[in-house]
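Reading through the structure tokens given below for one structure.
The values are calculated or read from the model by the stated rules, or taken from the named source; none is laboratory data. Note that the structure is a prediction, hence the values are computed from the model and not measured. In this analysis, Cβ positions are derived from the backbone assuming ideal geometry, glycine residues included, and neighbour counts consider all displayed protein chains. Quick note on the areas: whole protein, heavy atoms, side chains included, nothing else; ligands and nucleic acids left out. Shrake-Rupley method; radii C 1.70, N 1.55, O 1.52, S 1.80 Å.
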Amino acid sequence: QRVTAVVEDGNFAVEVQEYSAESDDYQDMLKGVKGSKMNVRMSSRSMSSVLGPMSSWSSSERLRRSSWVHKLVTSWEFEMLTSFFILANCATMGLQAHQDVSGGIGEGWRIFLLVTEHVFTSFFLMECIFRFKAYGYRGFLPTRAEGRSNLLDAFLVIFTGVIITWAIPLWTIISGHTPQSGFFRMLTVFRAIRLARLVRVFRKIPLFREAWMLIRGLGDSSRTLFWTVVVIFFVTYGFAIFGIKLLVEPLQAMRADGLVPEEEKKIDELMVILEGMDKLMFTLVQVLCEDSFHAFMREIVYFIPWAWAYFYAYIAIACLVLMNLVTAIIVENAMETSRTDQEQQLQDKVSKQAKEVQELKKLFEMMDADGSGTLSWSEFKQSFKDVEMQKKWRLLDFQPEDGKELFKLLDDGDGEIETNEFFEGLTRMKGSAQAKDVFRLQKCLEKFQQHLDEVLGYKPPQSEAGNSDGWSRHTT
């Protein structure tokens, strides 16, 4: 055998050719290999070290993917059932919280909530077991987004379900020791973390695409939000320093000079929210949130008439400028995330392909005038004369003059186009040619050239540096 590695523009392919030991081609091939035996051995060792673990992992992965558990876990019905249980669990958690506070839902509801909590815990635990069996431990590694999601789900189920719902009550029964009610209530609060599994529902179901975009945008904007808080802190801190010098100290001086009792009482009330860096910064945050700040600002303006300029300058910088800039950055990040979301792009691609298939099916039914399930040349030619079907052909980038050539391309030689020929041919011809299609065509032409050379008895000259078309060949 002659194995040839072909590399061009990052694409890699391997050709295997059979030779007879008595043939001249075999003897010529042996002569070309003698000078590069060491390179061949190094390449073989390198390839074995790289492909060996990969091949064993791929075989086990193929076995796992072919199991019924993997098919169940990756099915749309399983995702919908899991999403339903997550939503139902969120609803019962709200009722449980209401029961813990008011206790007004009755004994029957209390028993119902207790039973459903065990049902939810059992279902979610079985879900984690199935996912582990389907994906293996690699499916829970935090190196990928799907692995992080599975790992978080497993943590929530084990901690908030198995430990809090089953392990702690069982421990109290066996040991006879009842934990403090406050401590136990604090642990049950962690069950609310299970609401985070709603993210899985939003991510998997197309109906909640907008909600998933909001959640995804919030996560991607966490860094922006952090630095926003930092910048707001320093802006508020700087304005508080100016406020101490420009507002608080003059008000203290007025109170020390003596005022009528009503005015002195007003200044004392203002000092409660202004006297000190912490108090003034808290007041400025109230101004930033536009939380009824005009009431005390009018009191300050009564004593210091130009004080309104101080507060409105803070509003202009911190609220109007900074907040709008932050909003623009967050919106830009969310839009960029939406454009680069690979999973969403995959769903959109599948949806687009399904839509194209439906359009082609409708077009085929319109063209099949006799309902035979096949298209003859007369039916195919008539479709380019019909006004409505001409529009559909133009949407597929085909003109009436392309009809004869298109029929020959779709037909396999029997003079009629069957359904699978119609769908497969138009689907492959729609859009621009891909690199792998061009590469496949080039390989077919090369094999055709080789067969033609064998038939004609032509032997191309061998070159150690590679042939003239730019292909790098290493022969063993």
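Between Thr224 and Val285, the simple spin-label model (points 7 angstrom out along Cα→Cβ) gives 2.3 nm. Pair-distance distribution of the stretch 225-343: all C-alpha pairs, bin width 10 Å, starting at 0; shares per bin in whole percent are 12, 39, 24, 13, 7, 4, 1, 0. Measuring between their Cα centroids, the stretch 201-259 and the stretch 262-325 lie 15 Å from each other. Ordering Ile304, Ile215 by accessible surface, largest first, gives Ile215, Ile304; the 1.4 Å probe counts only protein heavy atoms, with every chain in place.
Placing a pseudo-label 7 Å from each Cα along the Cα-to-Cβ vector at Lys71 and Val350 gives an inter-label distance of 1.7 nm. Could you give the size of the charge dipole of the stretch 101-253 about its Cα centre, using +1 on the Cβ of each K and R and -1 on the Cβ of each D and E, expressed in debye and rounded to the nearest 20? Approximately 520 debye in magnitude. Per-residue extension of 0.36 nm, minus the Cα-Cα distance of Tyr137 and Ile215, leaves a gain of 25.4 nm for this segment. For Phe159, the solvent-accessible surface computed with a 1.4 Å probe is close to 60 Å², ligands and nucleic acids excluded.
Here each label is just a point 7 Å from Cα along the line to Cβ, and for Leu81 and Ala253 those points are 7.9 nm apart. The listed residues Ile300, Ile174, once ranked by accessible area (1.4 Å probe) with the largest placed first, stand as Ile174, Ile300. Ordered by solvent-accessible area of protein heavy atoms (1.4 Å probe), largest first, the residues Asp453, Asp291 come out as Asp291, Asp453. Applying the Karplus relation 6.51 cos²θ - 1.76 cosθ + 1.60 with θ = phi - 60° to the stretch 383-397 yields 3J(HN,Hα) values of 5, 7, 9, 6, 5, 5, 6, 4, 4, 5, 5, 5, 5, 8, 6 Hz, where x marks Gly and Pro.
Structural descriptor for the stretch 259-369: relative contact order 14 percent, calculated from alpha carbon pairs under 8 angstrom and at least 6 residues apart.
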